[in-house]
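Q: Input: one structure, supplied below.
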Amino acid sequence: MKPRKFQSYVDMQVQHQKDIEAIPMSFVFSCRNKEDADKQIIADLKVNDMSEVTRFKYGGYVRKADLKTFDDIWKLHDEEYELFLKDSEENLVNAIINEMCNHEYGYTLDPQDTLMALGKNKDDLFNDPMFAKAWAKAKNRVLSE
């Protein structure tokens, strides 16, 4: 799959969500036993039996026939995310602002959740000059609003 270009961080997030929702998945959290769980998975995925299903690392189930597509989508999303953030400083600033707002940075002034959402940590604020500069711009915008 070829990486797509996005106008904004939110546009990318929305498209990524649509991509994931297009792949049939099943999650079984409240089943009493394995038999009930298997029945739910088979119904959710519209398969004949559990031999057509595989579990993925986040605790959900997908059809084996969809596994390559599922893996490819995650790889594509990772690539698009990296390309988007590296495309321009403004893209990075907007992504930081979006996550600051999502994680109430303006109220808490605690960067931890925002950094985690961006796949970063506090060391990146000191060791990655481009990220540190974008963080400072985003912080100023969020705190001035």
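Q: Quick one: would you say D72 is in a loop (DSSP other than H, G, I, E, B), charged (D, E, K, R) and modelled with pLDDT of 95 or more?
A: Criteria not met by D72.
Q: Looking at M12, M50, which is the one that is under 25 Å from F131 (Cβ atoms) and either out of contact with any Leu (no Cβ under 6 Å at 6 or more places or on another chain) or among the β-branched types (V, I, T) (or both)?
A: Selected residue: M12, the only one of M12, M50 that is under 25 Å from F131 (Cβ atoms) and either out of contact with any Leu (no Cβ under 6 Å at 6 or more places or on another chain) or among the β-branched types (V, I, T) (or both).
Q: Of the residues A65, A132, A136, which single one is more than 18 Å from the chain's Cα centre (by Cα), assigned by TED's automatic domain parsing to the domain that holds S26 and part of a helix (DSSP H, G or I)?
A: A65
Q: Could you tell me whether K120 is free of Cβ contacts under 8 Å to residues at least 24 places away in the same chain, surrounded by 14 or more Cβ atoms within 10 Å (Cβ to Cβ), within 30 Å of A22 (Cβ to Cβ) and within 19 Å of the chain's Cα centre (by Cα)?
A: It is true that K120 is free of Cβ contacts under 8 Å to residues at least 24 places away in the same chain, surrounded by 14 or more Cβ atoms within 10 Å (Cβ to Cβ), within 30 Å of A22 (Cβ to Cβ) and within 19 Å of the chain's Cα centre (by Cα).
Q: Sticking with this structure for a sec: Which of the residues that make up region 1-43 are within 17 Å of the chain's Cα centre (by Cα), under 18 Å from F56 (Cβ atoms) and of a type in the set (S, T, N, Q)?
A: The one that is within 17 Å of the chain's Cα centre (by Cα), under 18 Å from F56 (Cβ atoms) and of a type in the set (S, T, N, Q): Q17.
Q: Whether any residue in region 34-49 is at positive phi, part of a loop (DSSP other than H, G, I, E, B) and not polar (S, T, N, Q) is what I want to check.
A: Taking every residue of region 34-49 in turn, at least one turns out to be at positive phi, part of a loop (DSSP other than H, G, I, E, B) and not polar (S, T, N, Q).
Q: Taking K57 as meeting all but one of (1) modelled with pLDDT under 95; (2) within 19 Å of M130 (Cα to Cα), write down the number of the exception.
A: (2)
Q: Can you tell me which residue among L115, L83, L45 is closer than 26 Å to V10 by Cα, surrounded by 15 or more Cβ atoms within 10 Å (Cβ to Cβ) and assigned by TED's automatic domain parsing to the domain that holds E21?
A: Matching residue, one of L115, L83, L45: L83.
The values are calculated or read from the model by the stated rules, or taken from the named source; none is laboratory data. A quick note: this is a predicted structure, and the numbers were derived from the prediction, not measured. Cβ sites come from the backbone with ideal geometry, for glycine too, and all protein chains shown count toward neighbours.
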